[in-house]
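Below is one structure; the comments refer to it alone.
The values are calculated or read from the model by the stated rules, or taken from the named source; none is laboratory data. A quick note: this is a predicted structure, and the numbers were derived from the prediction, not measured. In this analysis, Cβ positions are derived from the backbone assuming ideal geometry, glycine residues included, and neighbour counts consider all displayed protein chains. SASA here: full protein model, heavy atoms, side chains in, ligands and nucleic acids out. Shrake-Rupley method; radii C 1.70, N 1.55, O 1.52, S 1.80 Å.
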Amino acid sequence: MEPLTQAKKSNLVLILDYGSQYTHLITRRIRSLSVFSLCINGTSSLDSITELNPRVIILSGGPHSVHADGAPCFPSGFIEYVESQGIHVLGICYGLQLLVQNLGGVVKVGEKHEYGRMEIEVQKNNGLFGNKQIGDKQVVWMSHGDEAVKLPDGFEVVARSNQGAVAAIENREKKFYGLQYHPEVTHSVEGMETLRHFLFDICGITAGWNMEDVLEEEIKVIKAMVGPEDHVICALSGGVDSTVAATVVHKAIGDRLHCVFVDNGLLRYKERERVMATFESDLHLPVTCVDATEEFLSKLKGVTEPEMKRKIIGKEFINIFDIFAHDLEKKVGKKPAYLVQGTLYPDVIESCPPPGSGRTHSHTIKSHHNVGGLPKDMKLKLIEPLKLLFKDEVRAMGKIMNIPVAFLRRHPFPGPGLAVRIPGDVTAGNSLDILRQVDEIFIQSIKDAGIYDEIWQAFAVFLPVKTVGVQGDQRTHSHAVALRAVTSQDGMTADWYYFDFKFLDDVSRKICNSVRGVNRVLLDITSKPPSTIEWE
């Protein structure tokens, strides 16, 4: 992680992650208040915490019991460090219990577990809840089995649940605070108000983190990193992340950035022309377009196994990219030194899972989905200008750089392209052409209906089956296609989108009337899980 500027550091809210499913949400909620927040492993060393020089530390929730063997905890010396530096600490759920136990209080397994929506009542004026009065109530989201039964010296109860359990505590003098519920989830109706009061009124944080500053700083970092004679390469997919990353680097070093966009023959209808027009006329990015349709499709001929298809596509991308890099070396007289990747913050966090998650700690960031692992002799250093940002923040940065809003709002598109939307041999018959036409009608209809931005991802799937139909008084034996549209926050889970029946009726008619070779349209109404979003 690149060094943070003093301005950022002086107002940094650091989250120590103990495995709660909501931890990322805390980071995002705090950033939405224009305060910079970072999330690191809850068992990180004291050095890695002090290095970041946080102003506030939040101890996240987690699935563990503080009584379990090997239960994760902050490092030795943590309490002394925060006290000596005057750092405010807020424990949430498991984080509250860690504080209580480590400061001399008692945490016991609760007689009644509290899960879901719960009402709490304020017990103290002018406490963690600001101007709330004793007796005021609010609905919060509880999720705990253990509970604090004896508080450490100097602590007061600020709120209790309607079952009488401790719901909020504080020791103002020592700057320790705790909430036994999740303020970051929307079910905790006044949760954001509580976080806002805690950060601004209690901790004295100032809201000053904005995307303009982030962009300016990122450009400075890239200029300092890349030598004046160095050249940088980037594989552009036509997606939001790689495009925004490339645009940031281009602002920093100009035409010493060399981008390549590969047409693998598996793109959507007129994708190449549309994307290249955006790169050239709107963004003025230096992009080489490589038409590798023949190379990809010839290698995919006859291949039906999904994982084999992905491997072939990944390997071919590497070959094309390798040729591009070698050609560039001949042209500029030296090897390119850096590779731009559109890695996002969730990828960084996921590559260092929280303690107790059962996943191993890998520090490798996933490779760009169009590159997928580079030839060993390339030895490129990475530039990852988005690695501290979430998807919505990437879009905000793109907007500042005048990337067209319609481009920034594009649905995700898989690296292997239409290959994962044609079960079986993608080269058989004219399945690719049929799928492109169907997909174009579906997506254009969604845009015309004004619902494109409500959907995370929408696409058509070509089914390798023929069905009997009647078209123009004749029996037909033509293909069936499926339509899929899902809503999601991050693609990890997804629900199918509830279309209006009239919309579906119109789309089905348009497809069957316009696309030769299709006589049946199906709708995929499966969520993730149990299905994945893509078909392969």
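For this structure, a couple of remarks:
- Selection from the stretch 47-79 of residues that are outside any strand (DSSP E or B) and within 18 Å of LYS174 (Cβ to Cβ): ILE49, PRO54, ARG55, PHE74, GLY77, PHE78, ILE79
- The number of residues in the stretch 112-140 being open to solvent by 20 Å² or more (accessible area, probe 1.4 Å), part of a strand (DSSP E or B) and touching a strand residue (DSSP E or B) at 6+ places or on another chain (Cβ under 6 Å) comes to 8.
- Of everything listed in (1) more than 15 Å from ASP439 (Cα to Cα); (2) open to solvent by less than 20 Å² (accessible area, probe 1.4 Å); (3) under 24 Å from the mean Cα position of the chain (by Cα); (4) among the small types (Gly, Ala, Ser), the single unmet condition for ALA485 is (1).
- The set of residues from the stretch 190-214 being part of a loop (DSSP other than H, G, I, E, B) and surrounded by 22 or more Cβ atoms within 10 Å (Cβ to Cβ) comprises just one member, ILE205.
- Identity of the residue in the stretch 392-423, among the small types (Gly, Ala, Ser), within 27 Å of ALA460 (Cα to Cα) and open to solvent by less than 20 Å² (accessible area, probe 1.4 Å), that ends up modelled with the lowest pLDDT: GLY415
- Checking the stated criteria, GLY42 turns out not to satisfy the condition of being of a type in the set (Gly, Ala, Ser), touching a residue at least 24 places away in the same chain (Cβ under 8 Å) and open to solvent by 10 Å² or more (accessible area, probe 1.4 Å).
- Identity of the residue in the stretch 214-241, among the small types (Gly, Ala, Ser) and under 22 Å from the mean Cα position of the chain (by Cα), that ends up nearest to PRO346 (Cα to Cα): GLY239
- Among the residues of the stretch 242-257, those that are of a type outside the set (A, V, I, L, M) and under 26 Å from the mean Cα position of the chain (by Cα) comprise SER242, THR243, THR247, HIS250, LYS251.
- Boolean, ASP322 is assigned to a helix (DSSP H, G or I), modelled with pLDDT under 90 and open to solvent by 30 Å² or more (accessible area, probe 1.4 Å): yes
Residue-wise test of (1) more than 21 Å from ILE320 (Cβ to Cβ); (2) among the charged types (D, E, K, R); (3) surrounded by 18 or more Cβ atoms within 10 Å (Cβ to Cβ).
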position: GLU216; (1), (2), (3): yes, yes, no
position: ILE222; (1), (2), (3): yes, no, yes
position: GLY227; (1), (2), (3): yes, no, no
position: ASN264; (1), (2), (3): no, no, yes
position: VAL275; (1), (2), (3): no, no, yes
position: ASP291; (1), (2), (3): no, yes, no
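- Matching residues, the stretch 147-187, being of a type in the set (D, E, K, R) and within 20 Å of ASP136 (Cβ to Cβ): GLU156, ARG160, GLU170, ARG172
- Residue identified as open to solvent by 10 Å² or more (accessible area, probe 1.4 Å), outside any strand (DSSP E or B) and at pLDDT 95 or above among HIS258, HIS187, HIS250: HIS250
- Test result for ARG274, of a type in the set (Lys, Arg), touching a Pro at 6+ places or on another chain (Cβ under 9 Å), at pLDDT below 95 and assigned to a helix (DSSP H, G or I): no
- Tally of residues being without any contact (Cβ under 8 Å) to a residue 60 or more places away in the chain and either part of a helix (DSSP H, G or I) or among the small types (Gly, Ala, Ser) (or both) across the stretch 400-428: 3
- Summed over the stretch 491-530, residues that are open to solvent by less than 90 Å² (accessible area, probe 1.4 Å) and touching a helix residue (DSSP H, G or I) at 6+ places or on another chain (Cβ under 8 Å) total 12.
- Inspection of the stretch 85-97 finds a residue satisfying the criterion of being part of a helix (DSSP H, G or I), small (Gly, Ala, Ser) and closer than 17 Å to PRO183 by Cα.
- Considering each residue of the stretch 46-57 in turn, at least one proves to be over 22 Å from VAL149 (Cα atoms), crowded, with 16+ Cβ neighbours inside 10 Å and in contact with a His (Cβ under 7 Å, 6 or more places away or on another chain).
- Among the residues of the stretch 142-162, those that are modelled with pLDDT under 90, closer than 17 Å to GLN97 by Cβ and touching a Lys or Arg at 6+ places or on another chain (Cβ under 9 Å) comprise MET142, ASP146, GLU147, ALA148, VAL149.
- When the stretch 277-289 is limited to residues that are in contact with a helix residue (DSSP H, G or I) (Cβ under 9 Å, 6 or more places away or on another chain) and not in a loop (DSSP other than H, G, I, E, B), the one that is surrounded by the most Cβ atoms within 10 Å (Cβ to Cβ) turns out to be PHE279.
- For the stretch 508-534, filtering for residues that are in contact (Cβ under 8 Å) with a residue 40 or more places away in the chain, assigned to a loop (DSSP other than H, G, I, E, B) and hydrophobic (A, V, I, L, M, F, W, C) leaves 2.
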